[in-house]
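Worksheet for the structure shown next.
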Amino acid sequence: MSIQIQDNTGKPIEKFEINHEKEMHLIVVSKDLSTFQHLHSENRGKGLFTVTMTFPTGGDYKLIADFIPSGGEPKPESQWITVSGQAPSPRPLQPEMNLTKIVEGKEVTLSFDKLQSGQEATMTFSFRDAASKQPITNLQPYLGAIGHVVIISSDVEKYIHNHPLEENTTGPEAKFGTLFPNSGVYKIWGQFQQNNKVFVVPFVVEVP
């Protein structure tokens, strides 16, 4: 897949800031937010990026290119595409009451100091070994930070990419500042790394 980045006049943007070790973060989600990929494109020059990926099924997907032009501000751009092949029935996005998940042997709990649209909030991910219940303290940096968090609204219109408040921690907690622009249902994906393996923890919350 090729992604061409241009300015408002149609001229290619040629220089980009390095943002967490990469010039572009490409987020790919299905329309019902049941699938999520965080990819990194290769800069071919003159604003052209390429990436190879596999879509798990047919259907509608949103591509979100997250980049910073040199000397500019973060500028995520998005595009809907339709992938041929059989599309599964959409899965309704249901807010979760229990914000604890077990993923690859790790028990991860998500909490907020407050959950209110239009107000800054701190999200805290807490990590324990699922079997021993001991705190996990050996998380590794992923793309230069303890973790990354992507948040997308249920209508796939609002996109938020959060970086940690403290990048050098190794657990058992990782804190992120965020702001939900509107009330509604959002899906949150936390990405972290342990033992040289990245794991993704998804949560669905309803924001008043």
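Observations, loosely collected:
- Consider region 131-172 and keep the residues that are over 17 Å from the mean Cα position of the chain (by Cα) and surrounded by 17 or more Cβ atoms within 10 Å (Cβ to Cβ). The one that is farthest from LYS101 (Cα to Cα) is THR169.
- Tally, over region 79-106, of residues that are surrounded by 12 or more Cβ atoms within 10 Å (Cβ to Cβ) and either under 14 Å from GLY190 (Cα atoms) or among the aromatic types (Phe, Trp, Tyr) (or both): 7
- Matching residues, region 54-73, being under 18 Å from the mean Cα position of the chain (by Cα) and either loosely packed, with under 12 Cβ neighbours inside 10 Å or at positive phi (or both): THR54
- Meets criteria (surrounded by fewer than 16 Cβ atoms within 10 Å (Cβ to Cβ), at pLDDT 95 or above and assigned to a strand (DSSP E or B)) for THR109: no
- Those strands (runs of 3 or more DSSP E) of region 144-185 in which 1 or more residues are among the basic types (Lys, Arg) and in contact (Cβ under 8 Å) with a residue 40 or more places away in the chain occupy 173-179.
- Exactly one residue out of LYS75, LYS62, LYS46, LYS15 is touching a Gly at 6+ places or on another chain (Cβ under 9 Å) and among the basic types (Lys, Arg), and it is LYS15.
- Matching residues in region 174-186 - criterion: being under 17 Å from THR109 (Cβ atoms) and either under 10 Å from the mean Cα position of the chain (by Cα) or buried (at least 19 other Cβ atoms within 10 Å of the Cβ) (or both): ALA174, PHE176
The values are calculated or read from the model by the stated rules, or taken from the named source; none is laboratory data. Remember, predicted model here, so these are calculated numbers, not experimental data. Every residue, glycine as well, gets a Cβ built from its backbone with ideal geometry; the counts of neighbours run over all protein chains shown.
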